[in-house]
Amino acid sequence: MKLLVINGPNINFLGIREKTIYGKQDFKYLLSLLSRKAEKENITVDTFQSNCEGDIIDRIQKAYFDGTQGIIINPGAFTHYSYAVRDALASTDMPKIEVHISNVHKREEFRHVSVTAPVCTGQITGLGLQGYELAVDAIVNMLQ
């Protein structure tokens, strides 16, 4: 089983930006968390991060051809306005889980709307980095 985890803008600044919102663990920690989870589940988890919308779209499209069976995505700020990322996600016929580290529904009003969630299978918000592990569990269960 092969899953893809995509992280959008500023996720690479975990542990640096707004620690009271996103926590003290850094991006390297998130990558090691996902690596350990993949090993435990005996699956492949590829990771990708970009601050550029087009790169994220290109990676979603590549997933269509490279054997990826499910996508976990934290689109960052693109969540709220990127119809291009939304359309790329909609074009893939596989389970997709949107993850947000913070509870976006308890934050600024503009964060309450996701244009990408409607084309995802589900959404996990506000559970910190554990949300990524739960998303892996969800997709593994969907695919089995």
>> Apply the Karplus curve 6.51 cos²θ - 1.76 cosθ + 1.60, θ = phi - 60°, to the phi angles in region 130-140 and return the couplings in whole Hz, x for Gly and Pro.
In response: 4, x, 5, 5, 5, 5, 4, 4, 4, 5, 4
>> For semi-axes √(5λ) of the Cα gyration tensor in Å, pick the label among (i) 32, 17, 14; (ii) 21, 18, 14; (iii) 24, 18, 13 that corresponds to the value derived from the coordinates.
In response: (ii)
> Using helices alone, what [θ] at 222 nm do you get for the chain, with -39,500 (n - 2.57) per DSSP H run of 4 or more residues, divided over all residues and rounded to the nearest 500?
Replying inline: -11500 deg cm²/dmol
> About its Cα centre, what dipole magnitude does the chain give when the only charges are +1 on Lys and Arg Cβ and -1 on Asp and Glu Cβ, stated in debye to the nearest 20?
Replying inline: 380
> Considering the zone a paramagnetic label at N51 would reach in this model (a point 7 Å from Cα along the Cα-to-Cβ line), which residues of region 57-100 have amide N under 16 Å from it?
Replying inline: 76-78
>> Please give me, ordered by residue number, the GluC sites (Glu not before Pro) of region 31-137 that lie in loop per DSSP and have at most 13 other Cβ atoms within 10 Å.
In response: E108
> Rounded, prolate or oblate: which one fits region 1-70, using the alpha carbon gyration tensor with axes a ≥ b ≥ c (rounded when a/c is under 1.5, else prolate when a/b beats b/c, else oblate)?
Replying inline: oblate
> Taking amide hydrogens as modeled 1.01 Å from N in the peptide plane, which residues meet the under 5 Å criterion relative to K96, leaving out close sequence neighbours?
Replying inline: I71, T121, G122
> At a Förster radius of 22 Å, what calculated FRET efficiency corresponds to the Cβ-Cβ distance of A90 and M142, to the nearest 0.05?
Replying inline: 0.80
>> Please list, ordered by chain and number, the residues whose modelled amide H lies under 5 Å from the amide H of T47; skip anything fewer than 5 residues away on the same chain.
In response: V5
> In sequence order, what are the phi-derived ³J(HN,Hα) couplings for region 115-127 according to the Karplus relation 6.51 cos²θ - 1.76 cosθ + 1.60 with θ = phi - 60°, rounded to whole Hz, with x for glycine and proline?
Replying inline: 7, 8, 4, x, 9, 9, 5, x, 9, 10, 10, x, 10
>> Quick check: pseudo-label points 7 Å beyond the Cα along Cα→Cβ at L33 and Y81, how many nm apart are they?
In response: 2.8
>> Of the candidates K24, K106, K96, which one comes out as most mobile in a Gaussian network treatment of the chain with C-alpha springs shorter than 10 Å?
In response: K106
>> Of the candidates H80, H112, H100, which one comes out as most mobile in a Gaussian network treatment of the chain with C-alpha springs shorter than 10 Å?
In response: H112
>> Explain nothing, just compute: Karplus ³J(HN,Hα) = 6.51 cos²θ - 1.76 cosθ + 1.60, θ = phi - 60°, for every residue of region 73-86 in order, whole Hz, x for Gly and Pro.
In response: 9, 10, x, x, 4, 4, 3, 8, 8, 8, 5, 5, 5, 4
>> Given points 7 Å out from each Cα along the Cα-Cβ axis, report the K40 to V113 separation in nanometres with one decimal.
In response: 3.8
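No lab work stands behind these numbers, since they all come straight from the coordinates. None of the values given here were measured: they were computed from a predicted structure. Methodologically, a virtual Cβ is constructed for each residue, glycine included, from the backbone with ideal geometry; neighbour enumeration extends over all protein chains shown.
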